[in-house]
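Structure record follows, encoded as structure tokens.
The values are calculated or read from the model by the stated rules, or taken from the named source; none is laboratory data. Bear in mind the structure is a predicted one, so any value in this text is a computation, not a measurement. Note: ideal-geometry Cβ built from the backbone for every residue, glycine included; neighbour counts use all protein chains shown. Areas reflect the complete protein model, heavy atoms only, side chains present, ligands, DNA and RNA absent. Shrake-Rupley method; radii C 1.70, N 1.55, O 1.52, S 1.80 Å.
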Amino acid sequence: MAKYDVIIVGGGHNGLVTACYLAKGGLKTLVLERREVVGGGAELDHATGPFSTQIIADLNLRFELITPKVRVLALSDDGRSLCIYNNDTAATVKEIEKFSANDAKSYPEFVESFSRIGRVLAPLVSMTPPSIDEPAAADLWQLGKIGLAFRGLGKKDEYRLLRWGPMAVADLVAEWFETELLRATVAARGISGAFAGPWSAGTSLGLLWQAAMDGSAIGSSIYIKGGLAQALADAAKSAGAEIRTSAEVIRIEGSKVILRNGEELEARAVVSNADPRTTFLKLVDPIDLDPNFLLKMRNYRAPGIVAKVNLTLSGAPRFRGVDDPTKLTGRIHIGPEIDYLERAFDASKYGEFSREPYLDIVMPSPDAMSIQVQFAPYKLKEGDWNTRREEFADVVIDRLSAYAPNIKELITGRQIITPLDLENTYGLSGGHIHHGEQTLDQFFTFRPLIGWAQYRTPLNRLYLCGAGAHPGGGLTGIPGANAAREIARDFKARRI
Ligand SMILES: Cc1cc2nc3c(=O)[nH]c(=O)nc-3n(C[C@H](O)[C@H](O)[C@H](O)COP(=O)(O)OP(=O)(O)OC[C@H]3O[C@@H](n4cnc5c(N)ncnc54)[C@H](O)[C@@H]3O)c2cc1C
């Protein structure tokens, strides 16, 4: 007799969301986390996906989503800056007017078009992707409703939606704007976390997906006040789930898991919050998998490209062209031109980190800086991350000092997190921040693989609940919630 109904391998935010829903539904649930703390990659995030407000309400979570005035502040090489506000198109238009009257005119229509399209796409995010071979009646009904909403968009937006998905984001932004700084700032959402430059096909998908999440094509600056991981862990425990940290699973065998300390635990279902490559290529014995599935999983792409540099400062840095400190409350974008972003990507194609990287910065307080750096490839051609981490941080700080000239004299401490650290410390295979590329071929009904997008896997009692499942990466909680719904359904139908 299994002691648990469900064992969740990994206490990342999605694993915890799954645990909350299943425990609330009365299932005896155990979370096993290999690290000494829960939360997974969430502790590295400087903005949230945004996190689903539906999940906050369902689970009565005790934290707040804060939307700062500024979405992103973009810095230009000539010492000017461009501020894009959250929910204030008129103020943003005024900023854009400093660069181009034409762009200022185009911006409101850009915002409205993405917002309309985002509303149509939004239901896709929290639905289980339909089965390609045997779509259920409920799937068809849901897709039908989305189809109707699509027809309601009107011809112009319908064509836009159909055209944009496969487009290179550099082309999309060029159709709307003439200012390089604005083009690059908008395009950045399409390449965030991706092994892709703005000229790569399909990078506009990131903009459409962001619009589906929160109505805007531009990366979110919403942050969480109150500690997400703790709030989720508290909610899971009060629903009756058990959470064990420093409990690494080294093998999944049917509905049994084996821990590094040799302990064996059994449940009616095992749910993996680890990424798909870790789950199927490390934790499951390949002999248990169909060779065709195994081959596809070996080809599932997860080339890590993001590193982080966190700084502590003795005082507030001064940014060229920024007179108002409230403009530093959102994200700060360094990557002033499309060609700059593309060149930053180029380096990584050849196994080098970029000497002029794209930086996405958040200042949680005036004396702290969280810097997400692209492009930093997991595999370096020369040397390795252990020998080159300090050199890499120097490159990042040099670049930053071109925009914030007094930064070097303010730095009191620096933390460097390379893609190799993301793999070794955070368990992310290949150091990929989203558990795998989010390209059209690894998206929706294709995530992680075609035929396996419904959180179930070829192994009867094994499920996925992390960012490698639909709707993918980002601090949203939605893969975890969607997975819980499917698992609960299988329990109810006595399939497990
Ligand atoms: C550097 C970085 C910056 C990011 N910035 C942002 C951002 O600003 N905004 C945003 O929305 N998203 C951001 N993301 C993405 C976001 O963090 C991820 O999409 C999110 O963490 C995925 O959550 P998850 O629960 O699915 O997986 P994870 O957070 O990866 O959690 C998986 C958990 O499983 C555990 N685990 C793995 N293997 C085992 C095992 N064998 N046994 C037991 N436990 C195991 C891991 O230790 C981990 O705790 C960032 C990610 C990174 C890495």
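So for the chain, averaging the separation of alpha carbon pairs under 8 Å that are six or more residues apart and normalising by length, what relative contact order in percent results?
24 percent
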Calculated [θ] (222 nm, deg cm²/dmol) that DSSP helices of n ≥ 4 give over the chain, each run adding -39,500 (n - 2.57)
-11000 deg cm²/dmol
Which of the peptides 129-138, 28-37 is most tightly packed, and how do the rest follow, judged by the mean count of other Cβ atoms within 10 Å per residue?
28-37, 129-138
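For the stretch 162-290, report the accessible area per residue in Å² (1.4 Å probe, heavy atoms, rounded to an integer).
37 Å²
At a 1.4 Å probe radius, carbon and sulfur cover how many percent of the accessible area of the stretch 339-496?
Details: 3030 of 6090 Å².
The computed percentage sits at 50.
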Please say if the stretch 1-66 is rounded, prolate or oblate, where rounded means a/c under 1.5 for a ≥ b ≥ c the square roots of the C-alpha gyration tensor eigenvalues, and otherwise the choice is prolate for a/b larger than b/c and oblate otherwise?
oblate
On the first, second and third principal axes, largest extent first, how far apart are the outermost C-alpha atoms of the stretch 105-205 in Å?
47, 32, 19
If you count the DSSP beta bridges with both ends in the chain, what percent of them are antiparallel, to the nearest 5?
65 percent
Find which of Leu228, Ala196, Phe392 sits farthest along the positive direction of the dipole of the chain, computed with +1 on the beta-carbon of Lys and Arg, -1 on that of Asp and Glu, about the Cα centre.
Leu228
Report D for the stretch 84-142 in µm² per second (integer): Stokes-Einstein, Kirkwood Rh on Cα pairs, 37 °C, 0.692 mPa s.
232 µm²/s
Treating only the Cβ atoms of Lys and Arg (+1) and Asp and Glu (-1) as charged, compute the dipole magnitude of the stretch 80-143 about its Cα centre; round to the nearest 20 debye.
400 debye
So how do 208-217, 411-420 stack up, highest first, on mean other-Cβ count within 10 Å?
208-217, 411-420
Cleavage-rule hits (trypsin sites (Lys or Arg not before Pro)) in the stretch 319-380: DSSP loop, at most 15 neighbouring Cβ within 10 angstrom
Arg320, Arg355, Lys379
Counting pairwise Cα distances across the chain, what percent come out greater than 31 angstrom?
43 percent
Carbon-plus-sulfur fraction of the accessible area of the stretch 21-97, 1.4 Å probe, in percent?
45 percent
Of the peptides 368-375, 47-54, how do they stack up when ordered by the mean number of other Cβ atoms within 10 Å, highest first?
368-375, 47-54
Name the shape class, rounded, prolate or oblate, that the alpha-carbon gyration tensor gives for the stretch 1-147, where a ≥ b ≥ c are the square roots of its eigenvalues, rounded holds for a/c under 1.5, and otherwise prolate holds if a/b is larger than b/c and oblate otherwise.
oblate
Could you estimate the translational diffusion coefficient of the stretch 269-348 from the Stokes-Einstein equation, with Rh from the Kirkwood formula over C-alpha pairs, at 20 °C and 1.002 mPa s, in whole µm²/s?
120 µm²/s
Just how large is the dipole of the chain about the Cα centre, in debye to the nearest 20, putting +1 at every Lys and Arg Cβ and -1 at every Asp and Glu Cβ?
1220 debye
Among Leu143, Asn310, Thr67, whose Cα sits farthest toward the positive end of the charge dipole of the chain (+1 at Cβ of Lys/Arg, -1 at Cβ of Asp/Glu, about the Cα centre)?
Leu143
Looking at the stretch 166-238, I'd like the Rg to Rh ratio, where Rg is from alpha-carbon atoms and Rh is Kirkwood's inverse mean 1/r.
1.17
Please express the shape of the stretch 198-337 as an equivalent ellipsoid: the semi-axes are the square roots of 5 times the eigenvalues of the C-alpha gyration tensor, given largest first in whole angstrom.
39, 24, 16
